[in-house]
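Single-structure report; data block below.
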Amino acid sequence: MRILHIGDFAGISTELSRAQRKLGHTSDTLTFVPSQYAYPTDFFLPVRARFPLRAIERMILFPSYMDNYDILHFHGGEDDAILPKGIDFALWRLLGKRVVIHHHGHDIRYKKENPFFTALANGIFVSTPDLLKYSPEAVWLPSPVPVAEMPYVGVKEKAASETVTILHAPTARSIKGTEFIVKAVEQLKKEGRRAELVVVENTRHDEAQKLFKTADIVVDQLIMGWYGMFAIECMSMGKPVCCYVSPDMERFLPSPMPVMNTSQTNITDALRELIDDFNMRAELGRRGRAYVEEIHDSPKVAEQSVKLYQ
């Protein structure tokens with residue numbers, strides 16, 4: 001197959017493309033805006049014009065790159081469609097291309113699926129199953145991580161006199177529940193527990209991963225109802241992850257869960273329990289690693305994507 005990924009979100013298109021290449025397919029990435037976290041791309045077409053001239057500029061630049069591919073895999077819905085609302089998909093279909101839409105969160109959450117996507121796309125993917133409620137015809141394609149390249153780090157047992165590092169990496173503090181995490185750590189310090197909160201923001205991905213390895217406890221998000229790429233990467237390292245999984249999403253996870261189900265109402269209790277119990281931290285880290293190996297390992301996700309294209 002010859003696959004072109006358009007757009008990026010949290011490095012998902014980059015890693016999926018790389019894994020598809022290892023399966024023997026031609027697979028490349030194309031982006032119109034620079035990556036905030038320095039994820040690599042094969043083709044970077046900076047589009048500087050404002051809407052609506054931006055769409056015209058994309059239509060001029062894009063076709064010469066598109067010709068060499070059979071499958072156009074758009075990441076981010078309308079954000080990375082060439083024309084507004086994805087009306088360009090009709091043209092790509094007329095030219096014999098297979099068109100795939102891949103939603104990653106903000107582009108579909110709390111909205112209805114774009115009728116052009118439903119009518120014109122050969123397939124619609126979502127990177128997290130909570131998005132299926134907004135796009136009922138979509139298929140959950142788990143976000144890929146290269147497990148073989150992420151050695152198991154786990155957690156170290158610490159004496160009562162040593163500081164436990166709690167790591168949090170919000171892309172947007174308001175939707176990740178950062179304020180509740182800050183308050184919880186402050187409360188635990190008042191109780192006499194040695195805990196340090198490290199908040200990782202606006203950091204290159206490779207540098208952020210170095211910080212992930214130093215964590216004793218990881219907190220992903222407390223509001224949205226499912227875990228993100230940050231949690232996946234930390235689970236693959238064997239780190240215990242706290243994250244809110246909404247009741248209707250629990251069916252997608254094995255029992256016992258690979259994360260500690262934690263909301264804004266019980267974050268203090270969850271962190272207290274993990275700080276005080278090294279064995280719980282270690283066991284949660286082992287469960288997380290096993291889960292990522294089964295569900296999110298890049299070769300498995302790439303194989304699944306190819307079957308879905310077909």
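The values are calculated or read from the model by the stated rules, or taken from the named source; none is laboratory data. Predicted, not measured: the structure shown is a model, and the values here were computed from it. FYI the Cβ positions are ideal-geometry reconstructions off the backbone, even for glycines, and counts take in every protein chain you see.
Residues in segment 123-139 that are without any contact (Cβ under 8 Å) to a residue 40 or more places away in the chain, within 21 Å of Ala302 (Cβ to Cβ) and not in a helix (DSSP H, G or I): Ile124, Val126, Ala138.
Pairs needed: first member in segment 254-273, in the same structural domain as Tyr227 (by TED's automatic domain parsing) and touching a residue at least 60 places away in the same chain (Cβ under 8 Å); second member anywhere, surrounded by fewer than 16 Cβ atoms within 10 Å (Cβ to Cβ) and part of a helix (DSSP H, G or I); C-beta distance under 8 Å; at least 6 residues apart or different chains. Qualifying pairs under 8 Å: Thr268/Lys183; Thr268/Gln187.
The set of residues in segment 73-96 that are over 20 Å from the mean Cα position of the chain (by Cα), buried (at least 18 other Cβ atoms within 10 Å of the Cβ) and more than 14 Å from Ala55 (Cα to Cα) contains only Trp92. Considering (1) part of a helix (DSSP H, G or I); (2) under 29 Å from Glu250 (Cα atoms); (3) aliphatic (A, V, I, L, M), the lone condition that Ala119 does not fulfil carries the number (2). Scanning segment 215-236 for residues that are over 18 Å from Ile267 (Cβ atoms) and at pLDDT 95 or above turns up Ile232, Glu233, Met235, Ser236.
Under the condition of being under 13 Å from Glu283 (Cα atoms) and not in a loop (DSSP other than H, G, I, E, B), the residues counted in segment 243-261 number 1. Just for segment 213-236: of the residues that are buried (at least 23 other Cβ atoms within 10 Å of the Cβ) and assigned to a loop (DSSP other than H, G, I, E, B), which one is nearest to the chain's Cα centre (by Cα)? Among residues in segment 213-236 that are buried (at least 23 other Cβ atoms within 10 Å of the Cβ) and assigned to a loop (DSSP other than H, G, I, E, B), the one nearest to the chain's Cα centre (by Cα) is Tyr227. Applying the selection to segment 177-202, what residues are surrounded by fewer than 17 Cβ atoms within 10 Å (Cβ to Cβ) and over 16 Å from Asp220 (Cβ atoms)? Matches in segment 177-202: Lys183, Glu186, Gln187, Lys189, Lys190, Glu191, Gly192, Arg193, Arg194, Glu196, Asn202. For segment 97-111, filtered to residues that are in contact (Cβ under 8 Å) with a residue 60 or more places away in the chain and over 16 Å from the mean Cα position of the chain (by Cα), the residue that is surrounded by the most Cβ atoms within 10 Å (Cβ to Cβ) is Val100. How many of the residues in segment 112-156 are among the hydroxyl-bearing types (Ser, Thr, Tyr) and buried (at least 18 other Cβ atoms within 10 Å of the Cβ)? Residues meeting the conditions: 4. Here Met280 meets each of (1) more than 30 Å from Lys189 (Cα to Cα); (2) assigned to a helix (DSSP H, G or I) with one exception, condition (1). Going by what's in this entry, would Phe212 be described as touching a helix residue (DSSP H, G or I) at 6+ places or on another chain (Cβ under 9 Å), under 23 Å from Glu15 (Cβ atoms) and free of Cβ contacts under 8 Å to residues at least 60 places away in the same chain? Considered against the rule, which asks whether it is touching a helix residue (DSSP H, G or I) at 6+ places or on another chain (Cβ under 9 Å), under 23 Å from Glu15 (Cβ atoms) and free of Cβ contacts under 8 Å to residues at least 60 places away in the same chain, Phe212 comes out as yes.
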